[in-house]
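What follows is a single structure, written as structure tokens, with notes after it.
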There are 2 protein chains.
Amino acid sequence: MNITGSMLIGGKAVRSEQETFTGFDRVSGEPLAPDYTPAGPQHIDEAVALAGEAFPVFRRLSPVARADFLNCCADEILALGDALVERAVAESGLPLGRISGERDRTVNQLRLFAAVLREGSYLDVRIDEALPDRPGMPRPDLRSQQIGLGPVAVFGASNFPLAFSVAGGDTASALAAGCPVVVKAHPAHPGTSEMVALALCAAVRKCELPVGVFSLLFDSGIAVGQSLVSHPGIRAVGFTGSFAAGMALKKIADQREQPIPVYAEMGSVNPVFLFPEALQARGEELARGFAASVTLGAGQFCTNPGLAFAVRSPALESFVATLAEAIAEVPAQTMLTSAIQGTYASAAAELEASDGVECVAAGLTDATGSAAEARLLTTTAARFLADRVLSHEIFGPCSLLVVCESEQDFLRLAQEMEGQLTVTLQLDDGDLPLAARLLPVLEDKAGRILCNGFPTGVEVCHAMVHGGPFPASSDGASTSVGSMAIRRFLRPVCYQNFPPELLPEALQGENPYEVERLINGEQTPG
Amino acid sequence: MNITGSMLIGGKAVRSEQETFTGFDRVSGEPLAPDYTPAGPQHIDEAVALAGEAFPVFRRLSPVARADFLNCCADEILALGDALVERAVAESGLPLGRISGERDRTVNQLRLFAAVLREGSYLDVRIDEALPDRPGMPRPDLRSQQIGLGPVAVFGASNFPLAFSVAGGDTASALAAGCPVVVKAHPAHPGTSEMVALALCAAVRKCELPVGVFSLLFDSGIAVGQSLVSHPGIRAVGFTGSFAAGMALKKIADQREQPIPVYAEMGSVNPVFLFPEALQARGEELARGFAASVTLGAGQFCTNPGLAFAVRSPALESFVATLAEAIAEVPAQTMLTSAIQGTYASAAAELEASDGVECVAAGLTDATGSAAEARLLTTTAARFLADRVLSHEIFGPCSLLVVCESEQDFLRLAQEMEGQLTVTLQLDDGDLPLAARLLPVLEDKAGRILCNGFPTGVEVCHAMVHGGPFPASSDGASTSVGSMAIRRFLRPVCYQNFPPELLPEALQGENPYEVERLINGEQTPG
């Protein structure tokens, strides 16, 4: 499947007459052929209209048929072979091993949702049988299930050109829910986006689904995304990116005639609490682990540990010394785009120049001088609490260590903390009493709490929560990773006193899908 | 427990210095003692602060302890005895039988959520065990559960002085989720509100819970509610009422520094499709059932059937004749407040005066001339589709019959329909093919679809959905009635690699709460 610089609208390759743009080879800086064209209003209308036509058919497929489609998408992505990995490496500047792992993750994610569909409990089938003889008021037969919300707009993310882009977590969970998807590709990796979109369109054809199940639109700016979110035919939005962009989309969605949910994962500083006993017992190991986590993939993860809290002690001094050494050895890294690289450099410099902030270590510079240099900065708890700007996320390989005077500061810092995707506790047995006091506060502030690990590396599984209270997510009760992500795109419908012939399959008495059901309040296996 | 005209803030009876207001005896029109005072800013702050203090304790109670509390609330409400029923009848003008039934419903609702807590699957416990030897990347131990969102603001509704007011569905589900509740009472039934609040405060004391678990605030206008929704300590809102009021609250919530979810059930016209064969076979029975449903409780239900669609036929003519007869015999009814009564009269008159709308029947007038008279109006499908105003809800005993030229009109009317709480199909076997064509459209537009019943009467059970796509609800994926309503006030938290001592009870290996768990993707019973 060769890329031609096209959008894919209901399976058709389409270009517009507007000004072209390209991806870039992040190493050479050279533009990469082919060039791409932004969608015009008619392309948005057509993609959404086709999605709307596909919706009633697609959402009423049997879960097994939709599972087969998701597995077919996975197969088609793998069939793209090395060409996909090479293109994504070139466009993102991310290392081969990372991109190859990300492809596996993308494929496994599609297969996980296929398994969720086959298992069937996502349908949440509930049956309350009729009680015709109930004194006072007879009860009718009531049955409910979850159905798809409608066409979903998905925004490709710059930092996961595969796993949070065209066929990433948002797309996989929306398709699993029975929602057609219109993707607005991230302009930093258009070739990767077109390749993956071709794979999805091939799966749509092979499974003989309505063509509108999937479309891909391009834009070099923000106009197409904004129009898509305000389009009456779109019923929900999946987004991963910056706070400013996420909030702009949420505002558009809130102000529509018919408001729709925006599931925006807007990043996080992911504080790490370094407890005293842990620092004492294994400060050196912690320092090396921390340095690796904060600089992994040039720090371009939503779960990058941008903040650490520790109490002043000799153990902390050794920790900082080892960490500084490790950071100083980290080579400068090419970031996803030159714009991201520029933003990182100025944000890190600004933080370094803030009152009461000191630079403890800087990573290596490269020959160009433009690649991202790692940074370890430090400040005091008092200073940190006085200046909210210090708690803002910097997207890149930079972390701020906040030195506390006592363990009491931990509680205060936790209480003042904004919503986070993750919070990490590095602790030993002796730290447990303090951790137990902190935990109720942290549970209220984060989607995921880790002990003795680092927050980078988000497992795609059933228990994962990759979301968190605002501003980490626009909807703090949602996750964009893991099987629970399907819930964002479902809603319940209740059928009262339906004749058997009219009941949807999942709700029929003989349980044709063999799913777990809640019958008169009792869970019954499938 | 005597009422004293007080708010209840963390169990303390409080009055302000502001201008007083009272409830009214809806029959005599006389003010009812005692008088009540609106909350000042300090009362709102105090109630929310106490709720915030109570939250970490309350949400971490065992589910069984919270179930005991809900059952205690139910007992305390029943212990109020006839005085509660009498006061609610006086303040609402609703008949004794209705209020007495509503008290049962309120109590049963609290007990249903107690049962949900004891059953435990609401916790949605998920465990993905560590895979330390997985090639490539070891998997850590990951466990997740649902926890409460935080303090919830609940608005009492005028039309359910018990079941959707101080201890109604929103309060019961929020408390079940572990969220303290601050209620803004509806000013139409302050005495009823104070009585129920006293019962809840007694339950808080008996169960030795933090006093901030429940508070009650008053206002004669909208300022207190607005301040409550904008208060940083409030984390979610439950509301039942008009579209205008619901949207005003949603707008405030969206514009907060930290936006919060507003679960507003904003009413509906609840269309009834009268299929040809059903009209032919049992038109007379349908007409009597329809008349009873539309005039029940003066039409003051969110599920009142304000709209009916039928194809022109001799059977329809007989149906209309019988329906007109039945409507003409309905006595004028006292509505919940004189303001609601006035709004109904002018809205019905305005609809009647609309181009192409005819009055088919009017109910009886009463001696005062101010009680609500039932109305049956009619128009054509063409006219209805041309004037969107005709599809708006009129809160009261009024319905508009839309006469179609052919069955094709049904599909068109369904497609043009706004989001609804309910849609009803009156059908016989011969109507099934047409109904099957309509169903996919209706599923996308309504929270509940009924066959051969009437939408009034909302069963509180597991399969119930009382919500629906916008504008029926501000969040079309939620329900405010039934056990699923608890989900509105929960969010997931994931615990990675936690030492057993620090893990919340629900997630511990030995399953101390004996709840169903999803372990490595497999449902395991409790």
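Values quoted throughout were computed directly from the atomic coordinates according to the rules given, and no laboratory measurement underlies them. Everything numeric in this text was worked out from a predicted model, so none of it was measured. Note that we place each Cβ from the backbone using ideal geometry, even for glycine, and neighbour counts take in every protein chain shown.
Each residue of the stretch A:84-99 was assigned a 3J(HN,Hα) from its phi angle through the Karplus expression (A = 6.51, B = -1.76, C = 1.60, θ = phi - 60°), giving 5, 4, 4, 5, 5, 4, 4, 6, 9, x, 7, x, 4, x, 4, 5 Hz with x at Gly and Pro.
Sorted shortest first, the separations between the B:P500 label point and its copies elsewhere in the assembly read 5.0 nm; each point sits 7 Å from Cα along the Cα-to-Cβ line. Helix-only arithmetic for the protein assembly as shown: the sum of -39500 (n - 2.57) across DSSP H runs with n ≥ 4, divided by the residue total, places the mean residue ellipticity at 222 nm at -12000 deg cm²/dmol. Between the amide H of A:L364 and those of A:V330, A:A332, A:A374, distances stay under 5 Å, these residues lying 5 or more places away or on another chain, with hydrogens modeled in the peptide plane. Only the Cβ atoms of Lys and Arg (+1) and of Asp and Glu (-1) were treated as charged; on that basis the dipole of the protein assembly as shown about its Cα centre amounts to roughly 20 debye. For the stretch B:279-350, the set of trypsin sites (Lys or Arg not before Pro) satisfying both a DSSP loop assignment and a count of at most 15 other C-beta atoms within 10 Å is given as B:R312.
Rounded, prolate or oblate for the stretch B:384-472? Axes are the square roots of the Cα gyration tensor eigenvalues, ordered a ≥ b ≥ c, and the cut-off for rounded is a/c under 1.5. It comes out oblate by the Cα gyration axes.
Using R0 = 56 Å, the C-beta based FRET efficiency linking B:S338 and B:A386 works out to 0.95. For B:V125, the amide hydrogen comes within under 5 Å of the amide hydrogens of B:L518, counting only partners 5 or more places away or on other chains and with H modelled in the peptide plane.
Between B:E407 and B:N497, the contour length at 0.36 nm per residue exceeds the alpha carbon distance by 26.3 nm. Inter-copy label distances for A:P135: 6.8 nm (label point placed 7 Å from Cα along Cα→Cβ; shortest first).
Cβ crowding within 10 Å, taken as a proxy for footprinting-reagent exposure, orders A:S6, A:S165 from fewest neighbours to most as A:S6, A:S165.
Of the trypsin sites (Lys or Arg not before Pro) in the stretch A:64-139, not one is in a loop by DSSP (not H, G, I, E or B) with at most 12 other beta carbons within 10 Å. Under the criterion of Cα pairs below 8 Å and six or more residues apart, the relative contact order for the stretch A:7-57 equals 35 percent. For the stretch A:2-12, 3J(HN,Hα) computed residue by residue from phi via the Karplus equation (6.51, -1.76, 1.60; θ = phi - 60°) reads 8, 7, 10, x, 10, 6, 10, 10, x, x, 8 Hz, glycine and proline entered as x. Given R₀ = 41 Å, what would the calculated FRET efficiency be for B:N2 paired with B:Q255, taking r from the Cβ atoms and rounding to 0.05? Calculated value: 0.50. When exposed loop sites are taken as GluC sites (Glu not before Pro) in a DSSP loop with at most 15 other Cβ atoms within 10 Å, the longest stretch of chain A clear of them is A:20-128. Across the stretch A:461-467, computed HN-Hα scalar couplings (Karplus, 6.51 cos²θ - 1.76 cosθ + 1.60, θ = phi - 60°) run 8, 7, 8, 5, 10, 10, x Hz from first to last residue, x flagging Gly and Pro. Among chain A residues, the one whose Cβ is nearest the axis of the rotation from A to B, given with its distance rounded to whole Å, is A:D254, 2. Quick check on chain A: take the gyration tensor over C-alpha atoms, sort the square-rooted eigenvalues as a ≥ b ≥ c, and tell me if it's rounded (a/c under 1.5), prolate or oblate. Oblate is the answer for chain A, as a/c is 1.5 or above yet b/c matches or exceeds a/b.
Quick one: helix A:243-254 against the long Cα principal axis of chain A, what's the angle to the nearest 10°, folded into 0 to 90? It works out to around 30 degrees.
Distances between copies at B:A245, taken between label points 7 Å from Cα along the C-beta direction, are 4.1 nm in increasing order.
Once R0 is set to 35 Å, what does the formula 1/(1 + (r/R0)^6) return for the Cβ-Cβ distance between A:A349 and A:R312, expressed as a FRET efficiency to the nearest 0.05? Calculated value: 0.85. Evaluated with a Cβ-only charge set (Lys, Arg +1; Asp, Glu -1), the stretch B:236-393 carries a dipole of roughly 420 debye about its Cα centre, given to the nearest 20. Taking all Cα pairs closer than 8 Å and separated by 6 or more residues, the relative contact order of the stretch A:283-409 comes to 34 percent. Amide H contacts of B:G93: B:R26, each under 5 Å away and 5 or more positions distant or on a separate chain (H built 1.01 Å from N in the peptide plane; Pro and chain starts excluded). Taking only C-alpha pairs under 8 Å that are 6+ residues apart, what is the relative contact order of chain B in percent? This gives 17 percent for chain B. With each label modelled as a point 7 angstrom along the Cα→C-beta vector, the A:S100-A:V57 pair spans 4.0 nm. The distance from the alpha carbon centre of the stretch A:196-269 to that of the stretch A:446-494 is 19 Å, rounded to a whole number. When DSSP beta bridges are restricted to pairs lying wholly in the protein assembly as shown, around 40% turn out antiparallel. In plain terms, the chain from B:T368 to B:A281 could stretch by 27.3 nm, reckoned as 0.36 nm per residue minus the Cα-Cα distance. Considering only the other residues whose Cβ falls under 14 Å of the Cβ of B:L518, what net charge follows from Lys and Arg at +1 and Asp and Glu at -1? Charge balance near B:L518 sits at -4. For chain A, the longest principal axis of the alpha carbon atoms and the long axis of helix A:432-443 meet at an angle near 50°.
Counting only Cβ charges, +1 for Lys and Arg and -1 for Asp and Glu, the dipole size of chain B around its Cα centre is about 1100 debye.
The residue list B:L413, B:A310, B:L112 was ranked by how far each Cα lies along the charge dipole of chain B toward its positive end, using unit charges on Cβ atoms, and B:L112 comes out on top. When each of A:D141, A:D128 is scored by the number of other beta-carbon atoms lying within 10 Å, the sequence from fewest to most is A:D141, A:D128.
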